[in-house]
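The values are calculated or read from the model by the stated rules, or taken from the named source; none is laboratory data. Everything numeric here is computed off the predicted structure, so don't read it as measured data. Don't worry about glycine lacking a Cβ; one is built from the backbone with ideal geometry, like all the others, and counts go over all protein chains shown. Ligands, DNA and RNA are excluded from the accessible area calculation, which covers all protein heavy atoms including side chains. Shrake-Rupley method; radii C 1.70, N 1.55, O 1.52, S 1.80 Å.
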Amino acid sequence: MTYLETVNWMFSQLPMYQKQGQKAFKKDLTNTLALTQHLNNPQHQFKSVHVAGTNGKGSSSHMLASILQEAGYKVGLYTSPHLKDFRERIKINGNEVSKQFVIGFIKRNTAFLDKQQLSFFEMTVGMAFDYFAKQKVDIAIIEVGLGGRLDSTNILTPEVSLITNIGFDHVQFLGNTLPLIAKEKAGIIKPNIPVVISETQPETQSVFIETAKNNNSPIVFADQVENSSYATDLKGEYQSKNSKGVLEVIKILQKKKYNITSKNIKNGLLNTVKNTGLKGRWQLLNKSPKVICDTAHNKEGLTITMQQLSKENFKNLHVVFGVVNDKDLLSILPILPKKATYYFCKPDVPRGLDQNILKEICIANGFIGFSFSSVQEAYQQALKNATNKDFIYIGGSTFVVAEVV
């Protein structure tokens with residue numbers, strides 16, 4: 001099979017949460033353990049940092065990878081979902097896994113994948129771990145896919161665990177209260193392995209303290225520690241919260257004899273995009289009119305992004321907006337600005353919410369706008385309508401952003 005055929009096979013043969021939602025989610029690590037055993041347990045062959053959280057885990061993972069790259073380490077980076085190409089999920093020092101490796105991995109393991117009926121995510125985790133082991137990375141930054149306790153990545157024993165924050169997302173899997181969600185995320189805390197929490201939240205603090213205590217794990221809440229502040233090339237005020245957690249993780253790695261200087265930290269944070277290829281975080285797509293896209297897609301993420309938007313200077317606001325069909329729309333609508341023209345669209349995934357249904361719900365809640373059958377059509381119309389003094393925001397879903405970056 002060619003690379004394209006291989007990727008299409010993966011998407012079609014194996015349940016994929018991003019495309020299909022709940023039926024692709026498996027609350028069990030049996031499959032992942034069976035696959036890694038079949039692959040000779042690659043997860044034991046490299047050191048790692050494990051990163052969970054509702055918001056900020058992707059940005060934090062990229063920041064960590066960038067700093068470690070600046071320090072001269074060979075750094076694996078596993079994140080999800082991808083925006084354009086599957087290979088974005090698996091990188092070493094910013095370079096995506098080769099098409100040949102993806103083809104070869106599927107070819108070598110097709111019989112096993114078929115027999116075990118692995119989900120798309122389980123198989124991708126196995127592929128990433130196999131690649132990092134074979135490439136002999138010095139350390140890998142591994143981002144949790146969903147939750148923590150039962151996530152396929154949770155077979156690692158990392159150098160340190162990082163949990164960014166807790167918000168309401170994927171409540172159908174993780175629970176509908178912050179303490180319940182925190183309990184799932186806290187599942188990545190391992191016996192005697194230090195854990196960093198980026199943000200102290202009154203509803204979840206005790207959950208983390210208790211889990212850490214039960215595991216004899218040193219715990220630090222990064223926002224309670226005085227630290228030097230560093231600039232970062234990742235735009236978005238929310239990145240200051242992420243960088244606090246990142247700096248505490250780096251401190252722990254330094255204690256474990258990783259040779260990381262303050263210059264490495266400074267350059268790593270200033271060159272995260274260049275070093276890792278991260279996209280979609282308050283990303284500037286056009287200067288006149290100013291066009292920004294952001295992957296924020298839940299109440300907590302959008303609250304911060306909309307606060308940032310309110311500080312921008314513009315004449316009129318245009319919002320290209322689409323969501324997935326399991327999104328709790330009514331929880332995010334109060335956050336969105338009403339004084340704007342909306343361009344409702346459906347992201348090109350099976351889970352995308354129909355643009356006319358989206359428009360109907362939004363208009364019933366006091367919004368003004370039009371519906372479009374594709375993200376590009378919506379974006380082009382916004383560009384046509386906007387003057388140079390206007391502002392266009394594109395978001396609501398990672399999959400909307402994927403179609404414009």
Only listed residue being under 20 Å from the mean Cα position of the chain (by Cα) and touching a residue at least 24 places away in the same chain (Cβ under 8 Å), chosen from D223, D233
D233
Just one of the numbered conditions (1) within 20 Å of N31 (Cα to Cα); (2) assigned to a strand (DSSP E or B) is not true of F105; which one?
(2)
So, first residue open to solvent by 50 Å² or more (accessible area, probe 1.4 Å) in region 35-46, second residue of a type outside the set (S, T, Y), Cβ within less than 7 Å, six or more apart or across chains; the pairs are H38/F112; Q45/A133
Look through region 384-400, keep the residues that are within 28 Å of the chain's Cα centre (by Cα) and surrounded by fewer than 22 Cβ atoms within 10 Å (Cβ to Cβ), and return whichever of them is farthest from G280 (Cα to Cα).
F391
So Q20, is it open to solvent by 30 Å² or more (accessible area, probe 1.4 Å), modelled with pLDDT of 90 or more and either more than 14 Å from Y131 (Cβ to Cβ) or not aromatic (F, W, Y) (or both)
no
Looking only at residues that are at pLDDT 95 or above and among the β-branched types (V, I, T) in region 285-299, which one is nearest to K389 (Cα to Cα)?
V291
Pick from region 304-317 the residues that are assigned to a loop (DSSP other than H, G, I, E, B) and either of a type in the set (K, R) or touching a helix residue (DSSP H, G or I) at 6+ places or on another chain (Cβ under 9 Å) (or both): which of them is most open to solvent (accessible area, probe 1.4 Å)?
K315
Can you go through I361, I357 and tell me which one is among the hydrophobic types (A, V, I, L, M, F, W, C) and closer than 24 Å to S310 by Cβ?
I361
So, in region 363-405, exactly how many residues are at negative phi, of a type outside the set (D, E, K, R) and free of Cβ contacts under 8 Å to residues at least 40 places away in the same chain?
13
Which residues, taken from region 222-259, are surrounded by fewer than 18 Cβ atoms within 10 Å (Cβ to Cβ) and of a type in the set (G, A, S)?
S228, S229, A231, S240
Expected single match for at pLDDT 95 or above and closer than 19 Å to L284 by Cα among F370, F321 is F321
Which numbered condition A182 fails, given (1) free of Cβ contacts under 8 Å to residues at least 12 places away in the same chain; (2) open to solvent by less than 30 Å² (accessible area, probe 1.4 Å):
(1)
Residue check, I219 aliphatic (A, V, I, L, M), touching a helix residue (DSSP H, G or I) at 6+ places or on another chain (Cβ under 6 Å) and open to solvent by 40 Å² or more (accessible area, probe 1.4 Å):
yes
Return the residues of region 34-57 that are part of a helix (DSSP H, G or I) and either more than 20 Å from A140 (Cα to Cα) or modelled with pLDDT of 95 or more (or both); say none if nothing qualifies.
A34, L35, T36, Q37, H38, P42, Q43, H44
Region 327-345, subset under 27 Å from the mean Cα position of the chain (by Cα) and open to solvent by 60 Å² or more (accessible area, probe 1.4 Å), residue modelled with the highest pLDDT:
P334
Listed by first then second residue, the pairs whose first member lies in region 64-90 and is within 21 Å of K263 (Cα to Cα), whose partner is open to solvent by 40 Å² or more (accessible area, probe 1.4 Å) and of a type in the set (S, T, Y), with beta carbons under 9 Å and at least 6 positions apart or on separate chains, are E70/T261; A71/T261
Of the numbered conditions (1) within 16 Å of I188 (Cβ to Cβ); (2) assigned to a helix (DSSP H, G or I); (3) open to solvent by 10 Å² or more (accessible area, probe 1.4 Å), Q69 fails exactly one; give the number of that condition.
(1)
If we ask which residues in region 95-129 are of a type outside the set (A, V, I, L, M, F, W, C) and open to solvent by 30 Å² or more (accessible area, probe 1.4 Å), their number turns out to be 12
Has region 354-361 got at least one residue that is touching a Leu at 6+ places or on another chain (Cβ under 7 Å) and more than 25 Å from R281 (Cβ to Cβ)?
yes
State whether one or more residues within region 349-365 are within 25 Å of the chain's Cα centre (by Cα) and surrounded by fewer than 18 Cβ atoms within 10 Å (Cβ to Cβ).
yes
Given the criteria open to solvent by less than 40 Å² (accessible area, probe 1.4 Å), modelled with pLDDT under 95, charged (D, E, K, R) and closer than 25 Å to V49 by Cβ, does E143 qualify?
no
